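Below is one structure; the comments refer to it alone.
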Amino acid sequence: MQLTTWLQLVPGRPFRRAGHRTALIAAGLPLHLAVVPLWLWLLGTFAALVPAVTPLPVLLTLVVTPLLTVGQRRRYRALVGKDLPRPPTPGPGRNWTWAVRRLTSRALWRQVCYHAVAGPLLAVLDLAVLAVWAAALVAASIYVWIWALPPQWRVTDLGYTTQAAYITAGGLALLFLGPRLTGALVRLDTRAAEVLLGPSRTEKLARRVADLAESRAGVLDAADAERRRIERDLHDGAQQRLVSLAVNLGLARATLGDLPADARKVIDEAHREAKEAIAELNDLVRGLHPAVLEDRGLDAALSGVAARLPIPVRVAVDLPRRPSPTVEAVAYFVVSEALTNVVKHARATRAEVTVHRIGETLLVVVADDGAGGADLAGAGGTGLAGLAKRVASVDGTFSCRSPAGGPTVITVELPCAP
Amino acid sequence: MRAVIAEDSLLLRIGVVKVLEAAGFEMCAQVADAEGLLAAVEEHRPDIAVVDVRMPPGFTDEGVRAALVIRHQYPGTAVLLLSQYVEERYAADLLAANTSGVGYLLKQRVADVEEFAEAVRRVAAGGTALDPQVVAQLLVRRHSDPLDRLTPREREVLELMAGGRSNSGIAAELVVSESAVAKHINSIFTKLDLPKADADHRRVLAVLRFLGVARPPS
């Protein structure tokens with residue numbers, strides 16, 4: 001039967017928990033003491049003036065450290081069901097680079113610190129607490145000992161009513177104190193193990209940042225995929241139906257020549273509205289995720305945007321390779337929203353869009369010769385603030401220079417993987 | 001006139017067929033992919049093929065490639081491409097290889113029944129029809145600029161020429177006299193340094209220059 005199962009037999013919850021913790025302490029004792037012989041050997045090499053041997057115990061310490069760490073993890077897992085957090089493992093590499101990375105990793109030296117310094121100190125406290133338990137149990141049960149021991153072993157002048165009673169009371173007091181001391185020591189031990197065997201604060205934060213970046217990228221990708229799906233559904237369904245409807249109405253208008261004027265007017269109206277619905281749906285689909293962006297990339301999609309504007313817009317896109325779909329989508333929406341703003345607010349006569357890739361950065365510049373005075377918090381600012389947020393969602397930077405009197409230049413840098 | 005249609009969306013195919021039949025075309029074949037289209041053209045030798053750009057199996061540019069094959073192998077068959085959105089590179093590909101009997105329109109133009117039928121007829125007769133959006137977009141992309149010397153009016157005239165309109169069509173559209181249109185066109189030829197040769201040839205060259213398909217002589 002396992003120790004933990006035996007501990008179930010200890011009566012009373014506080015005592016059972018204390019039992020588990022005491023077992024944890026007892027199991028910790030040999031592990032904490034394991035490095036002490038190596039230390040003694042190290043000191044011995046100095047004392048015996050054979051420094052040539054000195055590296056040996058140090059090396060041995062490095063070798064046993066991972067094994068002891070595994071032992072400590074098992075101890076926590078088996079006795080209190082706690083998983084100590086793991087430090088980040090050094091990535092794979094060729095033998096010697098891996099070894100160097102291992103030897104220079106802070107995680108390894110924190111572990112050495114735990115086993116070689118904290119361990120022996122904890123071992124002293126372990127012994128003290130175990131001694132308190134032993135003393136408490138013996139003292140509390142002193143009458144049993146008096147009764148059970150053979151006469152020649154007894155302390156002869158022990159007064160049954162005075163000293164023995166005091167000892168029993170002391171034992172009971174220690175029994176009361178025992179769980180608290182045990183708890184305190186376990187907290188100290190756990191804290192030391194977490195700090196020295198687990199990841200450091202920096203490593204924890206780094207891992208958290210990596211997790212967050214990953215989940216955010218996932219959310220963005222999912223949103224983009226959803227937009228594409230809606231676009232495709234609309235394209236295959238509603239758009240085709242509307243075109244078909246408009247064609248039928250157009251045919252009715254063209255072929256039914258002998259209609260009363262009222263009926264003709266109704267058909268004309270319906271035809272016009274069907275065409276308007278097609279145009280509106282097309283705009284909506286373009287706003288969601290234009291198919292041309294997915295198929296042909298930024299160059300084609302942006303010249304499409306520019307062609308639909310009432311002012312001349314020059315578009316220069318220079319991309320040897322296509323960036324990721326997410327970055328493309330952000331760049332597209334930035335340019336298309338910025339150009340919409342130019343037309344709505346800037347009173348510009350012309351605009352210019354350039355998209356370049358410089359190293360691992362996609363540089364997007366939208367400039368116009370309008371009145372300027374655009375700012376993130378201003379009247380037309382909600383659009384710009386939305387753009388800035390969208391850019392920030394992929395860790396890009398957004399800047400808008402727009403002095404009163406113009407010109408306005410919006411510069412966006414988007415990171416893209418090499 | 002005889003026509004075939006290649007379009008994978010059933011609704012739109014039916015619509016286009018109805019429009020063309022109402023306009024007096026005889027529909028020889030209706031197919032849903034490029035392979036079927038080439039077979040149908042081989043079999044029927046129609047005056048015009050109305051072709052969707054994206055078709056099975058790849059849904060990319062099957063229609064454009066089929067159109068280039070058709071214009072090359074069956075010179076008697078004109079091609080009108082239909083597209084959901086403007087892909088000016090395809091239009092440029094098509095125009096670079098052919099200057100007559102080709103067209104490129106957005107699908108939604110089919111709804112303007114009379115104008116669509118008129119465009120099909122024009123292309124079938126060896127003319128061209130380019131969607132205004134295609135023209136606008138090609139204009140955005142064109143950067144080298146003897147064209148900047150054109151006046152806004154001349155630019156309008158050239159855009160309509162690129163759309164495949166005749167002088168009288170342009171005059172009607174702009175509400176000016178035909179002689180005024182002719183004057184603008186001559187001025188355009190001069191500004192674009194086009195040699196005084198065959199008038200039709202110059203017209204095509206001007207349009208190609210405008211669309212950025214042909215480079216100016218260096």
| query | To the nearest whole number, what is the average tally of beta carbon atoms from other chains within 10 Å of the beta carbons of peptide A:245-256? | reply | 6
| Do any residues of region B:101-125 lose at least 40 Å² of accessible area when the full set of protein chains is present rather than just their chain alone, and if so which, with a 1.4 Å probe? | B:108, B:111, B:112, B:113, B:114
| request: Provide a list, ordered by number, of residues in region B:16-37 showing at least 20 Å² less accessible area with every protein chain present than when their chain is taken on its own, using a 1.4 Å probe. | output: B:18, B:22
| Pick from B:58, B:169, B:103: which residue has the top mean-square fluctuation in a GNM of chain B where Cα pairs under 10 Å get a spring? | B:58
| query | For the Cα atoms of chain B, what angle does the longest principal axis make with the long axis of helix B:62-73, in degrees from 0 to 90, nearest 10? | reply | 80
| task | Compute the relative contact order of region A:318-368 as a whole-number percentage, counting only Cα pairs closer than 8 Å that sit 6 or more residues apart in sequence. | result | 36
| query | Hey, got a sec? Which trypsin sites (Lys or Arg not before Pro) in region A:316-358 land in a DSSP loop and have at most 12 other Cβ atoms within 10 Å? | reply | A:321
| Rounded accessible area per residue of the protein assembly as shown, 1.4 Å, Å² | 51
| So which residues of region B:66-100 lose at least 50 Å² of accessible area, probe 1.4 Å, when you go from the chain by itself to every protein chain present? | B:84, B:85
| query | Where does region B:8-80 land on the Kirkwood hydrodynamic radius, alpha-carbon pairs, in angstrom? | reply | 12.4
| request: Please build a GNM for chain A, connecting alpha carbons under 10 Å apart, and tell me which residue among A:204, A:82, A:265 fluctuates the most. | output: A:265
| How large is the dipole of chain B about the Cα centre if only Lys and Arg carry +1 and Asp and Glu carry -1, each at its Cβ, rounded to the nearest 20 debye? | 760
| Solvent accessible area, Å² - residue B:161, 1.4 Å probe, full protein context | 10
| request: Could you look at the protein assembly as shown and say what percent of its accessible area is carbon and sulfur, using a 1.4 Å probe and all protein chains? | output: 62
| task | Using only alpha carbon pairs under 8 Å that are at least six residues apart, calculate the relative contact order of chain A and give it in whole percent. | result | 10
| How big is the accessible area of residue A:138 in square angstrom, nearest 10, if you roll a 1.4 angstrom probe over the protein chains? | 70
| request: Diagonalise the Cα gyration tensor of region A:220-288 and give the resulting equivalent ellipsoid semi-axes, square root of 5 times each eigenvalue, largest first, whole Å. | output: 34, 10, 6
| residue B:60 - accessible surface, heavy atoms, 1.4 Å probe, Å² rounded to 10 | 70
| Chain pair A, B: total accessible area buried, heavy atoms, 1.4 Å probe, Å² | 2500
| task | When a/c is below 1.5 the answer is rounded, else prolate if a/b is larger than b/c, else oblate, so apply that to region B:2-130 with a ≥ b ≥ c taken from the square roots of the Cα gyration tensor eigenvalues. | result | rounded
| Count of lysine pairs in the protein assembly as shown with Cα atoms under 17 Å apart, counting only pairs 8 or more residues apart in sequence or on different chains? | 5
| remark: Of A:115, A:235, B:72, ordered by accessible area with the largest first and a 1.4 Å probe, the sequence is B:72, A:235, A:115
| task | Would you work out which of B:31, A:68, A:125 lies farthest towards the positive end of the dipole of the protein assembly as shown, given +1 charges on the beta-carbon of Lys and Arg and -1 on that of Asp and Glu, about the Cα centre? | result | A:125
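The values are calculated or read from the model by the stated rules, or taken from the named source; none is laboratory data. The structure displayed is predicted, hence computed values, not measured ones. Don't worry about glycine lacking a Cβ; one is built from the backbone with ideal geometry, like all the others, and counts go over all protein chains shown. The protein model used for the area step is the full one, side chains on, heavy atoms only, and it has no ligands, DNA or RNA in it. Shrake-Rupley method; radii C 1.70, N 1.55, O 1.52, S 1.80 Å.
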